[in-house]
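All of the numbers you see were taken from the coordinates with simple rules; none came from a lab. No experiment lies behind these values; they were computed from the predicted model shown. Backbone-built Cβ (ideal geometry, glycine too); neighbour counts: all protein chains shown.
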C-alpha cells in the first residue's frame with residue numbers, strides 16, 4: 001500500500017466521522033443556543049433545563065438522518081474491506 005492510498009483511506013475515515021458526528025453536534029449546538037437565549041431572557045438559571053431538549057433533538061436527528069448515517073458508514077466499510085481483500089489477493 002502506497003502513501004497515497006493510505007492518505008485516501010484516512011481522508012475517507014475523516015469524512016465519514018464528519019458525516020456521522022456533524023449533524024448530531026450541529027443539532028445539539030442549535031438547541032443549546034436557543035435554550036441559552038431563553039434562559040437569558042427569562043433569567044432562569046437551571047442547568048437541567050437544557051438537557052431534555054438536547055436529548056430530544058439528538059433523538060430526532062438520529063431518527064431523521066439515521067439511514068443516511070448508516071449508509072455512509074456502510075459504504076466506507078465496504079470500500080475498506082474491498083481494499084483489504086485486494087491487498088491480500090496481490
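Observations on the model:
- With contacts taken as Cα pairs under 8 Å at a separation of at least 6 residues, the chain carries a relative contact order of 41 percent.
- The chain: C-alpha gyration tensor shape, a/c 1.5 cut-off, then a/b vs b/c: prolate
- Put in line by how crowded their Cβ is, counting other Cβ atoms within 10 Å and starting with the fewest, 83, 78 read 78, 83.
- Residue with peak Gaussian network fluctuation, the chain [Cα springs, cutoff 10 Å], from 29, 20, 37: 37
- Between helix 51-89 and the chain: long-axis angle, C-alpha atoms, 0 to 90°, nearest 10: 10
- Exposure proxy order (Cβ contacts within 10 Å, fewest to most) of 69, 79, 1: 1, 79, 69
- Exposure proxy order (Cβ contacts within 10 Å, fewest to most) of 70, 61, 48: 48, 70, 61
- In degrees, nearest ten, helix 3-42 long axis to first principal axis of the chain (Cα): 10
- Its DSSP H runs of at least 4 residues, each contributing -39,500 (n - 2.57), put the calculated 222 nm mean residue ellipticity of the chain at -32500 deg cm²/dmol, to the nearest 500.
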